[in-house]
Each structure stands twice: as C-alpha cells, then as structure tokens.
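The values are calculated or read from the model by the stated rules, or taken from the named source; none is laboratory data. Only a predicted model underlies this, so the values are computations on that prediction, with no experimental measurement involved. Using ideal geometry, Cβ is built from the backbone for each residue, glycine included, and neighbour counts are taken over all protein chains shown.
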Amino acid sequence: MDKAIGVIDSGVGGLTVVREIMRQLPQERVFYFGDTARCPYGPRSTDEVRTFTLQMVSYLLRQKIKALVIACNTATAVVFDEIMQHAPIPVIGVIDPGARTAIKETKSGVIGVIGTVGTIRSRAYEKALKRIAPDVEVYSYACPDFVPLVESGIPDPAAALEIVKNSLQPLTTTSIDTLILGCTHYPLLADVIAQVMGKEVKLINSAKETARELSSVLHYRKLFTENSENVPPTHKFFVSGSSSVMKVIAQSFLHVPLDLQQVDVSNEKVCTISWTKT
C-alpha cells in the first residue's frame, strides 16, 4: 500500500508530528497541509474551525491518502468526532495520545495544559484526562501569543523568552509536575518552555504518541507500505498562504527535499455525505 498519510494543521506546528511519523515510520509517504492563510485557529469560532478543517480534509482525500492525522489540537477538539465518523479512512487526533502519556508520566496527579484559546475553551484535554484518571487535578491556560511567535519563525529569541515567561507565569505558582504542550506549534518552543518551567516539570509532546498510535492503526488495518527496495519515500507539502516560513522550518526541522505547493482551499466544497464509508 503506497498511498500517503495525510496530516493537517492550522500552520507549521503539525511539522512536529510529521517529524515523528518520518522517524517512526521511515518508509511512509506524508502529504502535509498547513492552513497558513488562515492561521491561527485558536481565536476563531467553532464554525470557522470546522469549515476550514473540513476543506483541508476534503482536499487531501482527493489525493487518495490512506490515513489522516489531525495534527491541530483546536481542530481535533472541534471536529475530530465528525471526521472520524464520516471519513472513509482511519483518522487519528492528537488529544487522546497526549492525555494518555501525561497520565503515565505524572507522579503527583497534578497536570498542566497549555493550548490555544479554542482548545482550552473546549476543555478537551481536561475531559480526556479525567476519562482516564477521574481524580487527576488539571490546570489549563491559553497561550495565544505562542502560535504567532512560531509562525513568524521566532526571529528574536530574547523576546520569545519574555513572551513565554509572561504567558506561563500563572502555571509557575502551581504544583504541576507534568505539562501537556496542547498545540503542535508549542514543541518548537519546547526549550524555552522548559527553561521557564524548570527541570522538575515533564513536558508532554503528543507528537510521539500520535505517531505510535498511527503505527498501530496502520498495522491493524494492514496499511503499511512495503518497500523492499528501500527507496526513500517522496513527501508533499501544501500551504494555503505564505510558504516562506514553512520552507525555512520544514527544511531545517525535517531535513528532507521539500516539494511545496500553494493551494487555495477556500472554495473547496465540504459535504460529509460524500465521505461516508461504503
């Protein structure tokens, strides 16, 4: 099965998930779509996030992908269940894998979550954590300045440190021992976040667990790519807006040849009936 794995995100943050997929599943092709024209999703309405996400999904489904990873936490919180119900292929989100890992890692049962306004407002992580461990204590905070910082390419490290310090100040006075990076952009700030939170707080990057879950699904569905000749897979990257930051981050972060295309999906028709499994 040589079809690609589709990965979608509001911008460049999902590249953290792509890197883990490439590391854990080196024979698999990846088709990535970053909605750079409409990023960030966090401050947007639920209807906007739903529409934008379904437009990306619709476009990638026409590329004949074999599985879909929703690498945007905001989109996962809003529309994951709907997509999973209607899409004709396996669908993996990032919230449940991150929650499961945090529960495994915490010693105190006190967990922090940082994410976009939309993700925190949805309480998606809190609900996922309490489904697994009802007695866990959760502190959730929105960090709306982080995504624009990453999407800008983090041009000023000193300014970035101040932004992270100010955003995380409420969490530094809590007793959390585990912090979920509840947005796939945030691992690109992991070193700065770790500096602010201190070495006693374990950072949870759900990208690793998401890639592991994808591997399990591909194995169960018998969808692994057979590559007996060990030929490196070819990946494709799509953006809806500016590609400059995507080029810089993808090339330095993934270390693969970059086949990058700009695609306008704003007129992409969304019809869940057309996705329904046959």
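Condition (residue is surrounded by fewer than 21 Cβ atoms within 10 Å (Cβ to Cβ), among the hydrophobic types (A, V, I, L, M, F, W, C), out of contact with any Cys (no Cβ under 9 Å at 6 or more places or on another chain) and without any contact (Cβ under 8 Å) to a residue 40 or more places away in the chain) applied to region 100-115: is it met by at least one residue? Among the residues of region 100-115, at least one is surrounded by fewer than 21 Cβ atoms within 10 Å (Cβ to Cβ), among the hydrophobic types (A, V, I, L, M, F, W, C), out of contact with any Cys (no Cβ under 9 Å at 6 or more places or on another chain) and without any contact (Cβ under 8 Å) to a residue 40 or more places away in the chain, which makes the answer yes. For Thr184, the requirement of being outside any helix (DSSP H, G or I) and within 15 Å of Val17 (Cα to Cα) is met.
It is to be established whether one or more residues within region 177-199 are surrounded by fewer than 23 Cβ atoms within 10 Å (Cβ to Cβ), among the polar types (S, T, N, Q) and within 25 Å of Cys39 (Cβ to Cβ). Within region 177-199, none of the residues are surrounded by fewer than 23 Cβ atoms within 10 Å (Cβ to Cβ), among the polar types (S, T, N, Q) and within 25 Å of Cys39 (Cβ to Cβ).
Within region 146-161, count every residue that is over 23 Å from the mean Cα position of the chain (by Cα) and surrounded by 11 or more Cβ atoms within 10 Å (Cβ to Cβ). Looking only at that region, the number is 2.
Please verify whether Glu209 is closer than 22 Å to Tyr41 by Cβ and charged (D, E, K, R), treating the condition exactly as stated. So Glu209 passes the test.
Do we have any residue at all in region 199-218 that's over 30 Å from Ser140 (Cβ atoms), without any contact (Cβ under 8 Å) to a residue 24 or more places away in the chain and aliphatic (A, V, I, L, M)? Checking region 199-218: not a single residue is over 30 Å from Ser140 (Cβ atoms), without any contact (Cβ under 8 Å) to a residue 24 or more places away in the chain and aliphatic (A, V, I, L, M). Just so you know, in region 30-62 the residues that are of a type in the set (S, T, N, Q) and free of Cβ contacts under 8 Å to residues at least 60 places away in the same chain include one that is nearest to Leu258 (Cα to Cα), and it is Thr53.
Just to be sure, is Val256 in a loop (DSSP other than H, G, I, E, B) and surrounded by 14 or more Cβ atoms within 10 Å (Cβ to Cβ)?
Details: in a loop (DSSP other than H, G, I, E, B): yes; surrounded by 14 or more Cβ atoms within 10 Å (Cβ to Cβ): yes.
Answer is yes for this residue.
If you go through region 81-129 and keep only what is within 16 Å of the chain's Cα centre (by Cα), outside any helix (DSSP H, G or I) and among the small types (Gly, Ala, Ser), you end up with Gly93, Gly115. For region 219-231, the criterion of being under 22 Å from Lys3 (Cβ atoms), modelled with pLDDT of 90 or more and assigned to a helix (DSSP H, G or I) is satisfied by at least one residue.
Can you pull out every residue in region 192-209 that is in a helix (DSSP H, G or I) and modelled with pLDDT under 95? Ser206, Ala207, Lys208, Glu209 - these are the residues of region 192-209 that are in a helix (DSSP H, G or I) and modelled with pLDDT under 95. Might you let me know whether region 136-155 holds any residue that is touching a helix residue (DSSP H, G or I) at 6+ places or on another chain (Cβ under 6 Å), in the same structural domain as Met197 (by TED's automatic domain parsing) and at positive phi? Taking every residue of region 136-155 in turn, at least one turns out to be touching a helix residue (DSSP H, G or I) at 6+ places or on another chain (Cβ under 6 Å), in the same structural domain as Met197 (by TED's automatic domain parsing) and at positive phi.
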